1. Being surrounded by 24 or more Cβ atoms within 10 Å (Cβ to Cβ) and closer than 20 Å to residue 320 by Cα: is that true of residue 182 here?
2. Of all residues being assigned to a helix (DSSP H, G or I) and surrounded by fewer than 14 Cβ atoms within 10 Å (Cβ to Cβ) in region 201-211, which is nearest to the ligand (Cβ to nearest atom)? Just the residue, please.
3. When the residues of region 173-186 are filtered to those that are touching a strand residue (DSSP E or B) at 6+ places or on another chain (Cβ under 6 Å) and assigned to a helix (DSSP H, G or I), which remaining residue is nearest to the ligand (Cβ to nearest atom)?
4. When region 80-102 is examined, which residues are found to be within 16 Å of the ligand (Cβ to nearest atom) and surrounded by fewer than 19 Cβ atoms within 10 Å (Cβ to Cβ)?
5. Which ones in region 187-200 are part of a loop (DSSP other than H, G, I, E, B) and within 13 Å of the ligand (Cβ to nearest atom)?
6. Select from region 125-168 the residues that are more than 16 Å from the ligand (Cβ to nearest atom) and more than 30 Å from residue 250 (Cβ to Cβ) and list them in ascending order.
7. Would region 142-154 turn up any residue that is out of contact with any helix residue (DSSP H, G or I) (no Cβ under 7 Å at 6 or more places or on another chain), more than 26 Å from residue 194 (Cα to Cα) and not assigned by TED's automatic domain parsing to the domain that holds residue 206?
8. Which condition breaks for residue 135 when tested against (1) surrounded by fewer than 17 Cβ atoms within 10 Å (Cβ to Cβ); (2) farther than 18 Å from residue 229 by Cβ?
Ligand code: GTR
């Protein structure tokens with residue numbers, strides 16, 4: 001029979017000190033040190049907001065949860081980083097829902113061109129049931145969306161000419177993010193889609209590997225793409241939200257109190273990001289126009305919208321069960 005020794009009470013000072021040391025080591029071992037991915041440069045609204053998120057996590061958790069942010073895409077391309085957060089190589093990422101789409105079909109709904117009428121519509125849809133369904137689809141694939149960031153509306157730009165009708169895109173080589181929906185979108189306009197990492201676009205535009213790309217004002221400006229593709233045409237074909245995402249296993253392992261704390265910190269950072277975003281969209285627009293960019297509005301987008309039917313048909317053909325989600329979004333006032 002195995003006999004256990006009785007626990008000896010720890011009353012002497014050295015013993016108490018050792019116990020305290022062990023306790024503090026245990027806390028240190030439990031303290032989470034997360035690593036976060038962000039594609040943008042210092043000063044960009046998302047960069048400032050992700051740094052704020054890190055600061056709030058530290059503050060609210062009393063140093064128990066710390067986040068080291070890696071900006072400027074230094075930890076790799078966005079599709080790779082999404083994979084890393086899914087499998088737990090990284091804990092946190094600020095991702096555009098565009099490259100999440102190929103992983104989570106529900107999230108891909110926001111990449112259907114013109115699905116959102118404007119930013120307000122996108123916010124209302126995400127804050128409601130559509131947002132819940134998108135989050136659930138992402139969580140199933142290992143990504144928990146803690147908060148949504150803004151990313152404005154994406155429009156076409158190129159080095160050749162103003163785009164006014166779909167025929168103007170015809171024959172153009174256009175960079176897209178990695179997602180078949182975007183390749184389908186360019187093909188439906190008669191162009192040649194070229195999926196490519198964000199970091200490669202400047203050089204490709206400069207050397208003529210591609211004629212154009214598409215993005216919001218702040219990214220068009222911060223990347224310097226406006227220097228090498230001087231026509232910006234306000235098609236506003238995509239309004240894609242972004243997430244602050246966390247690895248699902250890490251999130252599920254948190255206590256309820258820590259989950260609430262992490263969500264609150266992410267949401268607070270999102271409030272800041274949205275404020276900074278609205279300002280930056282204006283200043284970036286002014287900056288590139290002052291630099292000589294030729295900008296044209298496309299007041300009637302009907303021809304572009306009609307041309308997108310094959311993109312919707314393909315998406316709904318591949319995901320017939322997601323038709324109610326598309327309708328839910330379209331029907332959101
Ligand atoms: C930006 C977005 C990035 C990235 C980039 C791109 O607007 O914030 O996450 O998706 O576009 O075009 O690759």
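1. Yes; evaluated as a whole, the condition is true for this residue.
2. Only one residue fits best here, namely 203.
3. Ranking the candidates gives 182 first.
4. 80, 83, 84, 102
5. 196, 197
6. 159, 160, 161, 162, 163, 164, 165, 166, 167, 168
7. no
8. (1)
The values are calculated or read from the model by the stated rules, or taken from the named source; none is laboratory data. Not measured: the values here are computed from a predicted model. A quick note on method: Cβ atoms are made from the backbone with ideal geometry, for glycine too, and the neighbour counts reach across all protein chains shown.
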